[in-house]
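Take a look at the structure set out below.
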Amino acid sequence: MKKLTTVLAALALAVGLFAGPALAAPKVKLAYVEWSCATTSTYMVKAALEKMGYDVEVLPVAAAAMWQATASGDVDGLVTAWLPVTHKDYLARVQDKVEVVRPITGGARLGWAVPKYVTIDSMTELKDHPDQFDKKIIGIDPGAGEMALSEKAMERYGLSKWNLVEGSGATMTAALGDAIKNHRWIVVTAWSPHWMFGRWDLKYLEDPDKMLGGEEHIDTVVRKDLKKDDPNLYKFFQNFYWKSPKQFQMVMDWNQQPGADPLKSAQKFIKENPDMFKEWTKGMKKVD
């Protein structure tokens, strides 16, 4: 009996030695800016790809760094390119090193938004109400394309002596919520799709000279050689999209609830929408 046990142990050791270590799951790196829309899409991709066997790392960075990291191959891609206007300059700098794969949603736009109780309807009217707005337009992170466009809009609409307040998406919505709670006038740099339009009664101010552009789409952009290096992963990016802005905003709103985890929100969505997951992974092979 002792001899049998010894033989079995030796065999187990030999199998372990010759089998070698288990193969690691293929790695994917995605860059994103910590905007609500970008966070929601990026974590949805992470959840879906991990379900297909990939090991996905997501890296929050500034907008310029997001594009540069994709162009250099430090990350595999991004799913939050606002085109054709907002990220036009970023794309122009690296267009020979990246590939624009497809839009993930249409109906996107930038603008300046105010609560509906504010009694003006156009950017041209802001200059007549400096005291009500404290000569401030509440913005987001300074590297965002919308901030650069907003500076040009301020010049065009006679607001050169106003202050474009830098911050983040979170500080902007916090300021907006506080103003609405106290029924104060406020104007913020806004974009759609965004959960704030589902939570509060807001309106975009008219932009007669289209300084912040017209309707846009949000696209997936990947490093130039991704299709050659991993056609299976590339297939996913060809398939990934949101069925509607309303669906997109619903998941964004989940992520704003107390204690929310964007990865768990994404996993919940995939569980509740198996047909979408099938569309995203059509033609792919599971890698684990």
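The values are calculated or read from the model by the stated rules, or taken from the named source; none is laboratory data. Predicted model only: the values in this text are computed from it and were never measured. Ideal geometry is used to build each Cβ from the backbone, glycine not excepted, and the neighbour counts take in all protein chains shown.
Brief remarks on what is shown
- Helices (runs of 4 or more DSSP H) enclosed by the range 28-108 - at least 2 residues per element that are of a type in the set (Val, Ile, Thr), touching a Pro at 6+ places or on another chain (Cβ under 9 Å) and not assigned by TED's automatic domain parsing to the domain that holds Ala144: 36-51
- Residue in the range 119-127 that is in contact (Cβ under 8 Å) with a residue 24 or more places away in the chain, hydroxyl-bearing (Ser, Thr, Tyr), loosely packed, with under 14 Cβ neighbours inside 10 Å and farther than 17 Å from Met211 by Cβ present: no
- Qualifying residue in the range 146-155 (condition: in contact with a Gly (Cβ under 6 Å, 6 or more places away or on another chain), within 21 Å of Gly213 (Cα to Cα) and charged (D, E, K, R)): no
- Selection count where residues are surrounded by fewer than 17 Cβ atoms within 10 Å (Cβ to Cβ), closer than 29 Å to Gln132 by Cα and of a type outside the set (Lys, Arg), scope the range 85-118: 1
- Segments classed as helices (runs of 4 or more DSSP H), wholly inside the range 117-211, with at least 1 members that are under 26 Å from Trp67 (Cβ atoms) and hydroxyl-bearing (Ser, Thr, Tyr): 145-156, 169-181
- Per the listing Trp82, Trp67, Trp112, the residue uniquely touching a Ser or Thr at 6+ places or on another chain (Cβ under 7 Å) and either at pLDDT 90 or above or not small (Gly, Ala, Ser) (or both) is Trp112.
- Filter result for Glu215 (closer than 24 Å to Ser36 by Cα, touching a strand residue (DSSP E or B) at 6+ places or on another chain (Cβ under 8 Å) and acidic (Asp, Glu)): yes
- Count of the range 256-275 residues, restricted to those that are under 21 Å from Gly106 (Cα atoms) and not in a helix (DSSP H, G or I), is 1.
- Check on Val75, buried (at least 16 other Cβ atoms within 10 Å of the Cβ) and modelled with pLDDT under 95: no
- The single condition among (1) closer than 30 Å to Phe240 by Cα; (2) surrounded by fewer than 18 Cβ atoms within 10 Å (Cβ to Cβ) that Asn163 does not meet is (1).
- Candidates Gly145, Gly177, Gly139, filtered to the one that is under 15 Å from the mean Cα position of the chain (by Cα) and of a type in the set (Gly, Ala, Ser): Gly145
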